[in-house]
1. So, in nm, how far is label ALA66 from label GLU383 when the simple model puts each one 7 Å beyond its Cα toward the Cβ?
2. With the convex hull built on the Cα atoms of the stretch 382-540, state its orientation-averaged projected area in nm².
3. For ASP339 and SER508 in the same chain, what is the full-extension length gain: residue separation times 0.36 nm, less their Cα-Cα distance, in nm?
4. List the residues, sorted by chain then number, that are 5 or more residues from LYS14 or on another chain and whose placed amide H is less than 5 Å from its amide H.
5. What's log10 of I(q)/I(0) for the stretch 128-212 at q = 0.12, 0.15 Å⁻¹, Debye sum over Cα points only, no solvent?
6. Using a ≥ b ≥ c from the Cα gyration tensor of the chain (square roots of the eigenvalues), is it rounded, prolate or oblate, where a/c under 1.5 gives rounded and otherwise the larger of a/b and b/c decides, a/b for prolate?
7. Considering only protein heavy atoms and a probe of 1.4 Å, how much of the accessible area of the stretch 240-361 is carbon and sulfur, as a whole percent?
8. Going down the list LYS135/LYS307; LYS45/LYS228; LYS28/LYS277; LYS138/LYS224; LYS277/LYS446, which pairs span over 29 Å between their C-alpha atoms?
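The values are calculated or read from the model by the stated rules, or taken from the named source; none is laboratory data. Computed from a prediction, not measured in an experiment: that's the story for all the values here. Neighbour counts are summed over all protein chains in view; Cβ atoms, including those assigned to glycine, are modelled from backbone coordinates with ideal geometry. For the accessible areas, the whole protein counts, side chains as well, though only heavy atoms, and no ligand, DNA or RNA atoms are used. Shrake-Rupley method; radii C 1.70, N 1.55, O 1.52, S 1.80 Å.
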Amino acid sequence: MRYKYIKPSNKFPKFIFITGGVMSGLGKGIVASSVAKLLQLTGLKVTCTKIDPYVNYDAGTMNPTAHGEVFVTDDGGECDMDMGNYERFLNSPMTKWHNITTGRIYSDVIKAEREGKYLGQCVQIIPHVTDVIKKSLKNIAKEYDVLVVECGGTVGDIESLPFLESFRQMELEEGDSETLFIHVTLAPILDVVGEQKTKPTQHSVQELRRIGIHPYILAVRCQKPLRKEARHKISMFASIKEQCVISCHDCSSIYDVPEILKDQGIIDVISGKLELKNRKIRWTEWEKITDSFFNFSGNVNIGIVGKYVNLPDSYISVYQALLHSSAKLGRKLNVEWIDSEKFENGSKDEVKVLNKFDGILVPGGFGIRGSEGIINSINFVRERNIPFLGICFGFQLSLIEFARNQCAITDASSQEFNPDDDNSLVKFMPEQEHALNLGGSMRLGKHDITIVPRTLADKIYQNNKIQRRHRHRYEFNQDYRQIMEEKGMVLSGHSDMGRRIEILEIPSNKFFFAVQYHSEFSSIPGRPEEAFKAFITSCT
Ligand code: GLN
């Protein structure tokens, strides 16, 4: 019999399922992270999982301008950007297994079918696919008290149905006090009177109930705090207790959301339902961090020159890392996103707009489009001695700029742009040559980096070994090392026994620092990543 086991109450792990209604982009990820944070602050061991109902195996092959940043985990997972929020809120590393996609589930099911694991059976969505989903969730939850599961998309999407069905089954199998559903909806204001409309929320709860899920808490996104009348109306029509209708109104910092939820008693509501018994929140430390996002003694103005700037979510971790550093240093961060394509063919006059910034950052990127514009920008900031931080693509293009303009290697380029040129300054990593697929075939995840003593990197990290995450196919060709060093570039970090260069700096500049790794993935509020902090320090 399938549903034989009903766990007794007050057993762990507990599962909190976050679903979304009305429309996408409501900030389910922030609600999930905030709920997880609050529970963590009560002393529980908490983690999050993101479910992406798309058929891709992972986020690695998706365009960041359509889907946002690809977040890289220590173990080399190419994940949904919400995983970055979880890490930043919880200060605990996620693994690639914390990000589940339809592609991954189906590939597990098909693999098992080919191995004969379902011999004699007709393999179906229920129970075979839902079993694999439930097993994946329980596997993650094993080492935790609470697993917060965020399901991407909006209720009613075809893709998310097998996942929602699995949650429904889990409620039955795990027990009432082991599972809780939070539905994130929207109360829009349409007229000048400013009435918060509740009908979209009512409809979306009905849609969820139709597939057998009864949300316990509604997190209602709204511009201004949810009014008493709107809360009452939602409670009555959606048949949800009034104290379980939580206002998630706009606020200036995402790190304030836990406080907004806490002040409405969400922890008591969750503790009651999950029988967690008198959880007390240890608030002071988190409050100190969130307060730092408001107390400023001045501004810092940063220009980000990149390829995917039309959607700032493409570089969300870079933005967050800048924010963490600015807050730590008591500065209000102003960021301007600049599309490098507009500096592509122009005269030097055009890049002059970069003069107004305290510092320029060039983040990661792929492909030739916009790369000459970035190189022109780097040339400008290097010559003007404007503080500069380059990341991954930014590191590679800094090498090219320096080689062209300081070492007279006028044709310096990357093999990414000229695949036939094996002598490129930035060349394809030989280890990647065997990779047949584009998915998951880059140099990914955490690697050890050795820092060269008595360099800026040494001063920044105060450590001779660090570990950072990577996501790249190309690297510096060390045949050019000598000339670059003779002309004043210092290569101050390396990995894989010196086989790859990880950090460059130009000591004659105020701050010119670039890294092959993605330092942005290692920054959390209250503990900014060191290179970002040093960059912002040099900008103030
Ligand atoms: N396109 C470059 C490479 O693959 C840089 C990658 C990146 O910026 N993440 O090496």
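1. 3.9 nm
2. 9.8 nm²
3. Between ASP339 and SER508, full extension yields 58.0 nm more.
4. Amide H neighbours of LYS14, under 5 Å, 5+ apart: VAL146, LEU147.
5. At q = 0.12, 0.15 Å⁻¹ the computed log10 ratios are -0.46, -0.65.
6. The shape class here is prolate.
7. Working: 2630 of 5660 Å².
Whole-percent figure for carbon plus sulfur exposure: 46.
8. Working: LYS135/LYS307 39 Å; LYS45/LYS228 34 Å; LYS28/LYS277 26 Å; LYS138/LYS224 38 Å; LYS277/LYS446 39 Å.
Going by Cα-Cα distance, LYS135/LYS307; LYS45/LYS228; LYS138/LYS224; LYS277/LYS446 fall outside the 29 Å limit.
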